[in-house]
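K.L.:
Dropping a structure here in structure tokens format, bear with me for questions.
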Amino acid sequence: MEVLIYFGGFTPAETVTYSANCTSTDMDTTVQVRQRGTLTLPASLRERYNIKLGDTFRIVDLDGILVLTPMVPMVPELAREIERARIEADLSVEDMLDSLRDQRTRYVQERT
């Protein structure tokens, strides 16, 4: 999901037009930049893309076109990858932790 927001040459409190990815249910509406730069996305857009309170987005400025991209939590993905690697290596959790402790000890010794 990406939402493109165009902010070409505006000052605060001017209206800003945005559009979601174009489909047969195109959405074209106007939102206003409020105090402290706050934008409220319409409920229909939040529902369409399952945007929930507290979701975090990265914003990229592409020469006047702002692209909002959801930030995906990395911890669950990394945990799954570590577990997959542990199972492939046929290691118990204790073996993996012992190996990590040994590697950390060697790393500290090399740095001193």
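K.L.:
Any chance you could run the full-extension gain for Q32 through Q103? It's 0.36 nm times the residue separation minus the Cα-Cα distance, nm to one decimal.
P.N.:
20.2 nm
K.L.:
Still on this structure, I have one more. Take the alpha carbon gyration tensor of the range 23-93, find the square roots of its eigenvalues, order them as a ≥ b ≥ c, and report rounded if a/c is under 1.5; if not, report prolate when a/b exceeds b/c, else oblate.
P.N.:
In terms of gyration-tensor shape, prolate.
K.L.:
7 Å from Cα along Cα→Cβ at both R46 and T112: what's the point-to-point distance in nm?
P.N.:
Between R46 and T112, the label points sit 5.3 nm apart.
K.L.:
Amide H neighbours of F57 under 5 Å, at least 5 residues apart or on other chains, H built in the peptide plane: list them.
P.N.:
For F57, whose amide H was placed from the backbone, the distant partners under 5 Å are M71.
Read-outs throughout are calculated quantities, based only on the coordinates presented, and are distinct from any laboratory measurement. Just so we're clear, the structure is a prediction, and the values are computed from it rather than from any experiment. Positions of Cβ are backbone-derived with ideal geometry, glycine not excepted, and every protein chain shown enters the neighbour counts.
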